[in-house]
1. Just to be sure, is residue 19 surrounded by fewer than 17 Cβ atoms within 10 Å (Cβ to Cβ) and assigned to a loop (DSSP other than H, G, I, E, B)?
2. Across the stretch 35-51, which residue is surrounded by the most Cβ atoms within 10 Å (Cβ to Cβ) among those that are in contact with a helix residue (DSSP H, G or I) (Cβ under 9 Å, 6 or more places away or on another chain) and not in a loop (DSSP other than H, G, I, E, B)?
3. Could you list, in sequence order, the residues of the stretch 168-188 that are crowded, with 16+ Cβ neighbours inside 10 Å, in contact (Cβ under 8 Å) with a residue 60 or more places away in the chain and over 19 Å from the mean Cα position of the chain (by Cα)?
4. Regarding residue 164, is this residue in a strand (DSSP E or B) and surrounded by fewer than 21 Cβ atoms within 10 Å (Cβ to Cβ)?
5. Identify the residue in the stretch 200-215 that is more than 16 Å from residue 174 (Cα to Cα) and more than 16 Å from the chain's Cα centre (by Cα) and, among all such residues, is surrounded by the most Cβ atoms within 10 Å (Cβ to Cβ).
6. What residue, of 23, 60, 15, 99, is in contact with a helix residue (DSSP H, G or I) (Cβ under 6 Å, 6 or more places away or on another chain) and over 28 Å from residue 210 (Cβ atoms)?
7. Any residue in the stretch 35-55 that is at positive phi and without any contact (Cβ under 8 Å) to a residue 24 or more places away in the chain sitting within a Cβ distance under 9 Å of a residue that is part of a strand (DSSP E or B) and surrounded by fewer than 20 Cβ atoms within 10 Å (Cβ to Cβ)? List the pairs, counting only those 6 or more apart or interchain.
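The values are calculated or read from the model by the stated rules, or taken from the named source; none is laboratory data. Since we're looking at a predicted model, the values are computed, not measured. Glycine also receives a Cβ, built like all others from the backbone with ideal geometry; neighbour counts cover every protein chain displayed.
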């Protein structure tokens, strides 16, 4: 990570890097919660790979203090697909996957052993969750979140593999790991042609498994 990004007092997402303007919730967080002082270093990104160093000014603004920089997008996105379960909040899973460094997140539609689908409120909140997680982790690309995607469509994606205790270790060929509910997928839900990968020696909760899968992928490719 660029040391300016790492060392900034805060990181925000703005529409226009030439004239960066804070959204009201972000201004509140910077100046009321973090209590940034005048001149504090704030980095701003458009969420599409461009960013610049800025300085806090007054109690609600930032102003440019460096040139706009451009980062290269990953050649192939890394993704995790997970099935929501009743005992856990998909919002937390999405937030943690963004912070780990995953580029695409698929919230799978209910399967035979998991009846908890993506909550209606998630449709409204997913974008904000991703923004907040990107700001926390200093990311300059906003990951994509796909909600309620049928399992049959996810397993057909290029580079997809399903997490399975009897699988082989993940490799560079794997770009997407599918994590099932804690009871696993039912017979016939995952075609035999889909690769199986082992993400660890222990039996994990669904949310933990998704996070481990994301960390393993990022560690392999980035």
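1. Yes, satisfied.
2. So the first thing to find is which residues in the stretch 35-51 are in contact with a helix residue (DSSP H, G or I) (Cβ under 9 Å, 6 or more places away or on another chain), and the list is 36, 40-43, 45, 47, 51.
Subsequent filtering for residues that are not in a loop (DSSP other than H, G, I, E, B) retains 41-43, 45, 51.
Working: 41: 19, 42: 25, 43: 25, 45: 26, 51: 29.
Checked the stretch 35-51; the qualifying residue surrounded by the most Cβ atoms within 10 Å (Cβ to Cβ) is 51.
3. From the stretch 168-188, those crowded, with 16+ Cβ neighbours inside 10 Å are 170, 174-182, 184-185; that's our starting set.
Keeping just the survivors that are in contact (Cβ under 8 Å) with a residue 60 or more places away in the chain gives 175-182, 184-185.
Scanning the stretch 168-188 gives 181, 182, 184, 185.
4. Details: in a strand (DSSP E or B): yes; surrounded by fewer than 21 Cβ atoms within 10 Å (Cβ to Cβ): yes.
Considered against the rule, which asks whether it is in a strand (DSSP E or B) and surrounded by fewer than 21 Cβ atoms within 10 Å (Cβ to Cβ), residue 164 comes out as yes.
5. So the residue we want is 206.
6. Working: 23 fails: in contact with a helix residue (DSSP H, G or I) (Cβ under 6 Å, 6 or more places away or on another chain); 15 fails: in contact with a helix residue (DSSP H, G or I) (Cβ under 6 Å, 6 or more places away or on another chain); 99 fails: over 28 Å from residue 210 (Cβ atoms).
Going through 23, 60, 15, 99 in turn, just one is in contact with a helix residue (DSSP H, G or I) (Cβ under 6 Å, 6 or more places away or on another chain) and over 28 Å from residue 210 (Cβ atoms): 60.
7. If the second residue must be part of a strand (DSSP E or B) and surrounded by fewer than 20 Cβ atoms within 10 Å (Cβ to Cβ), the pairs left are 39/55; 39/57.
Yes/no matrix, rows are residues, columns are (1) surrounded by fewer than 21 Cβ atoms within 10 Å (Cβ to Cβ); (2) at pLDDT 95 or above; (3) out of contact with any strand residue (DSSP E or B) (no Cβ under 6 Å at 6 or more places or on another chain); (4) in a strand (DSSP E or B):
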| position | (1), (2), (3), (4) |
| --- | --- |
| 80 | no, yes, no, yes |
| 88 | yes, no, yes, no |
| 106 | no, yes, no, yes |
| 125 | yes, no, yes, no |
| 132 | yes, yes, yes, no |
